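J.: I have a structure I would like to understand better, so I am pasting it below and will then ask my questions one at a time.
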Amino acid sequence: MNTMTSRIWSWLVLLVAIIYFGLPLLGTFEFSLRMLRGTYSFEAYRVVLADPQFQATFGYSLLMACATIVMGVVLVVPTAYWVRLKLPHWRPIIEFITLLPLVIPAIVIVFGYIRLYNTSSWLPLTGTAWSTDLLMVCGYTTLALPYLYRAVDTGLRSLDIATLTEAAESLGASKFTLIWRIILPNVSVAILSGAFLTFAIVIGEFVLAALLNRPAFGPYMQLMGANRAYEPAALAVIAFALTWLCMGLIQLVNRRQRHLAVPQHR
Amino acid sequence: MAFLELEHLHKHYATQTVVQDFNLNVEQGEFISFLGPSGCGKTTVLRMIAGFETPSAGQIRIDGHDVVRLKPNQRNIGMVFQSYALFPNLTVAQNIGFGLSVARQPKTQIKQTVQEMLALIKLADLGERYPFQLSGGQQQRVALARALAIQPKVLLLDEPLSALDAKIRVALREDIRAIQRSLGITTIFVTHDQEEALSISDRIVVMNQGHIEQVDTPLAIYNQPSTRFVASFVGALNILNATVSAPEQGMLQIENQTLQLQQPLPHPMGTTIQLALRPEALSLTPKENTDQTLVGQVQQVQFLGSVLRVQLKAGAQNLVLDQFNQPQLIPIQVGQTLKVYFASNQVLLLGAG
Ligand SMILES: Nc1ncnc2c1ncn2[C@@H]1O[C@H](COP(=O)(O)OP(=O)(O)OP(=O)(O)O)[C@@H](O)[C@H]1O
Ligand SMILES: [Mg+2]
């Protein structure tokens, strides 16, 4: 009887959630199909995908996402490794710092950047396109930090870092060799799931790209939303699908990880 | 000149002295065990040799070269850990070949060495497996092969068998010893298991609170412990309080029973001294050289398979003896009074207590 009631309740909650989250999405999807009068069609999608602006901005954001992931990994993996190995009492502080981007709005970062690196400053990074891109990648890395750091740090937890380090060193390996050949492959799943999250963040990011005036996908979506009717709906559905794809991939790699789980000794 | 020389090693952490004035010379190809209670500094000494800790003072020389300033990855020392520490993302073969590939040896050379090592540890068919697909004993064999593949100058093992089942532990320790002998590699083996140390070492270093108590062969450690700590730490021991009654004749009183040792005692009459007797030195039947006896009352009889362990009380003092289990043995009753025979040269004198 009791299990019966709790079951009914959980189904009810699920149903409410589906209605709450799913209904608007369904509405958007339905709307995006009505570009041609009188029939349902994927015309809006065709228009969006064929738009060279779409291709350019999406490609640009894709590139930014990849650069962000590389930069994040290069920054986060050695840091998380080092903190776990040598500065374990610093972990709460480092964790707090990595969480700051969740608390401080991105707009603060951009204004900071613009103040520090404007064309009349000592380091005029906003002066050229490529250096602005660099700045943006730095900003994106900051935004991705909470997710990437947590993922990697959790991945490291299942390893006996100290002993593995000593084992590798006694075999003649340098710290760099160790991180490259042992640590990185062992947290690859964590990095991958962090990377998908980073990807999802960067693709949709608006504030940084708009204020630094770079041709990214976020501002493009905003522009479309302001000027067209059906295409923005199609874009929203595409963005949703991409995000969900990322989530699905995270689930997938995590499940594979569990399947391949390494039962660590002790 | 010994192959591995440790001279006046000291190690302090903040206020705590962990290793003090540690001196040891190890010959090439020797198998040395560090034996001692938990926290006595065994691991610390080992880690100083490997380069993971810097000595507060003292010198470490390997093959005549001072290594104190060398980093761990420059010392060419093989290390085996209690927790195996295999690289989980590499196969067995890749694990064994790791040190060689770090040293940029040619691929064919690495492959050949790995094959030799796999054969040496009797896991020739398991090269393609991952560590998590191996049992603990197999993993530790791989760890041993990985350490040996780089042909280290010294092999260091820190309680490599502690995480394994009793049966595998015995088999693997014999394998380790056999491999060590066949390669002639200078080895230091840390353990807190005295049976392990006694059974496989050329020499044992008994440690206590950061210093060396005794360095000697297993036989000498067991039969001629030089300090009270060694005597009581290695092997089971009956410790008896005795009063010197005639020092020149070696006469002692234990609970109103008289013993006569075949040596004069360096203590004045009337002093209380401590004697030690191994359980296996005591017998319930007289033998050739058992010239001494003590009488006691049986408190308990434990059957341990091949051995009967009998606990007796002589007055207020406890006495444990081991008797080989033989079918014709007369059953021993609790409460029975028994005469215990032993040879006077089996008595260890621990000094005034
Ligand atoms: N990094 C450190 N900081 C402070 N004290 C330490 C440190 N490492 C070890 N010690 C202390 O040094 C002493 C010796 O430690 P060590 O690990 O060498 O003992 P051990 O003989 O190997 O013991 P066990 O048999 O338990 O492994 C211990 O009292 C320990 O608390
Ligand atoms: Mg130890």
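Rule-based calculations on the coordinates, nothing more; no lab input. A quick note: this is a predicted structure, and the numbers were derived from the prediction, not measured. Glycine gets a Cβ as well: all are built from the backbone with ideal geometry, and neighbour counts include every protein chain shown.
J.: Jot down the radius of gyration and Dmax of segment B:272-320, Cα atoms only, both in angstrom.
T.: 11.7, 37
J.: Based on the alpha-carbon set only, what is the convex hull volume of segment A:43-260 divided per residue, in Å³? Don't skip to the answer; put the middle values down first.
T.: Details: hull volume 32.1 nm³, N = 218.
Convex hull of Cα atoms, per residue: 147 Å³.
J.: Order by neighbour count: A:Met64, B:Met269, fewest other Cβ atoms within 10 Å first, most last. Don't skip to the answer; put the middle values down first.
T.: Numbers: A:Met64 24, B:Met269 12.
Fewest-to-most Cβ neighbours within 10 Å comes out as B:Met269, A:Met64.
J.: Report the residues of segment A:11-43 in range of a label on A:Ala229: point 7 Å along Cα→C-beta, backbone N strictly under 18 Å from it.
T.: Under cut-off, by backbone N: A:27-43.
J.: Give me A:Phe31, B:Phe303, B:Phe132 sorted ascending by neighbouring Cβ count inside 10 Å, so fewest comes first.
T.: Values: A:Phe31 17, B:Phe303 9, B:Phe132 14.
Ascending number of Cβ neighbours within 10 Å: B:Phe303, B:Phe132, A:Phe31.
J.: Between B:Thr337 and B:Thr217, with labels modelled 7 Å along Cα→Cβ, what's the label distance in nm to one decimal, could you check?
T.: 4.4 nm
J.: Output ³J(HN,Hα) for segment A:62-76: one whole-Hz value per residue in order, computed from phi by the Karplus curve 6.51 cos²θ - 1.76 cosθ + 1.60 with θ = phi - 60°, and x for Gly and Pro.
T.: Karplus values, whole Hz, x for Gly and Pro: 4, 4, 4, 4, 4, 4, 4, 4, 4, 4, x, 5, 4, 7, 7.
J.: Once you have the Kirkwood Rh of the protein assembly as shown from its Cα pairs, apply Stokes-Einstein at 4 °C and 1.567 mPa s and quote D in µm²/s.
T.: Numbers: Rh = 30.8 Å.
D, rounded to a whole number, is 42 µm²/s.
J.: Not counting the cut sites, what is the longest span of chain B without GluC sites (Glu not before Pro) that DSSP labels loop and that have at most 11 other Cβ atoms within 10 Å?
T.: B:1-127
J.: How high is the FRET efficiency from A:Leu87 to A:Leu14, r the C-beta distance, R0 35 Å, rounded to 0.05? Working shown, then result.
T.: On the way: r = 44 Å, r/R0 = 1.25.
Efficiency computed from Cβ-Cβ geometry: 0.20.
J.: Counting other Cβ atoms within 10 Å, keep those with at most 12, restrict to DSSP loop, and tell me which trypsin sites (Lys or Arg not before Pro) in segment B:45-78 are left. Display every interim value, and only then the final one.
T.: On the way: sites: B:Arg47, B:Arg61, B:Arg69, B:Arg75; in loops: B:Arg69, B:Arg75.
Answer in residue order: B:Arg69.
J.: Same structure again: Any idea what Rg and Dmax come out to for segment A:109-217 if you just take the C-alpha atoms, in Å?
T.: Looking at segment A:109-217, its Cα Rg and Dmax stand at 18.3, 52 Å.
J.: Give the span of segment A:18-97's Cα atoms along each principal axis, as three whole-Å numbers ordered largest to smallest.
T.: Result for segment A:18-97: principal-axis Cα extents of 67, 35, 14 Å.
J.: Using alpha carbons only, how many degrees (0 to 90, rounded to 10) separate the axis of helix A:23-32 from the longest principal axis of chain A?
T.: Relative to chain A, helix A:23-32 is tipped by roughly 60 degrees.
J.: Okay, moving on. Which order do B:Ser232, A:Ser170 fall in if you start with the one that has the fewest other Cβ atoms within 10 Å?
T.: Working: B:Ser232 15, A:Ser170 27.
Placing the least packed residue first, the sequence is B:Ser232, A:Ser170.
J.: Grab the eigenvalues of the alpha-carbon gyration tensor for chain B, scale each by 5, take roots, and send me the semi-axes largest first in whole angstrom.
T.: On the way: eigenvalues 438, 130, 46 Å².
Over the Cα atoms of chain B, the semi-axes work out to 47, 25, 15 Å.
J.: Another question, if that's okay. To the nearest 10 degrees, how steeply does helix B:107-120 sit against the main Cα axis of chain B, on a 0 to 90 scale?
T.: 20 degrees
J.: What relative contact order, as a whole-number percentage, does chain A give when Cα pairs under 8 Å and 6 or more residues apart are counted?
T.: Rounded, it is 28 percent for chain A.
J.: Now, a different point. May I ask for log10 I(q)/I(0) of segment B:66-123 at q = 0.14, 0.19, 0.27 Å⁻¹, from a Debye sum over the Cα atoms as equal point scatterers with solvent left out?
T.: -0.47, -0.82, -1.22
J.: Cα convex hull of segment A:174-235: mean projected area in nm², to one decimal?
T.: Details: hull surface 25.0 nm².
Result: 6.2 nm².
J.: What Kirkwood hydrodynamic radius, in Å, does segment A:65-126 give when the mean of 1/r is taken over all pairs of distinct Cα atoms and then inverted? If you can, show how the numbers build up before the last one.
T.: On the way: mean 1/r = 0.0719 Å⁻¹.
Taking every pair of different Cα atoms in segment A:65-126, averaging 1/r and inverting gives 13.9 Å.
J.: Among the listed pairs B:Lys71/B:Lys111; A:Lys86/B:Lys71; A:Lys86/B:Lys11; B:Lys122/B:Lys167, which have their C-alpha atoms separated by more than 26 angstrom in this model? Before the final figure, lay out the partial values.
T.: Numbers: B:Lys71/B:Lys111 28 Å; A:Lys86/B:Lys71 17 Å; A:Lys86/B:Lys11 20 Å; B:Lys122/B:Lys167 17 Å.
Table pairs above 26 Å Cα-Cα are B:Lys71/B:Lys111.
J.: So what is log10(I(q)/I(0)) for segment B:227-315 at q = 0.12, 0.15, 0.21 1/Å, when the Debye sum runs over its Cα atoms only?
T.: For the requested q values the scattering log ratios are -0.43, -0.67, -1.22.
J.: Can you compute the FRET efficiency between B:Lys107 and A:Ser41 using 1/(1 + (r/R0)^6), with r the Cβ-Cβ distance and R0 = 56 Å? Round to the nearest 0.05. Write down the numbers at each step before the final one.
T.: On the way: r = 58 Å, r/R0 = 1.04.
That gives a FRET efficiency of 0.45.
J.: Assuming 0.36 nm per residue, please report the length gained on full extension of the stretch B:Ala316 to B:Thr54 beyond their Cα-Cα distance. Don't jump to the answer; show the numbers that get you there.
T.: Values: separation 262, 0.36 × 262 = 94.32 nm, distance 5.01 nm.
Full-extension gain reported as 89.3 nm.
J.: Hey, another quick one. Taking Cα atoms, how many degrees apart are the long axis of helix B:92-102 and the longest axis of chain B, rounded to 10 and kept between 0 and 90?
T.: Once rounded, the angle reads 70 degrees.
J.: Follow-up question, since we're still on this one. Cross-link partners among lysines for B:Lys287, C-alpha distance below 19 Å, same-chain residues fewer than 8 apart left out?
T.: The qualifying lysines are B:Lys339.
J.: How many Cβ atoms of partner chains, on average, are near each residue of A:156-169 if near means within 10 Å of its Cβ?
T.: Partner Cβ neighbours, averaged per residue: 5.
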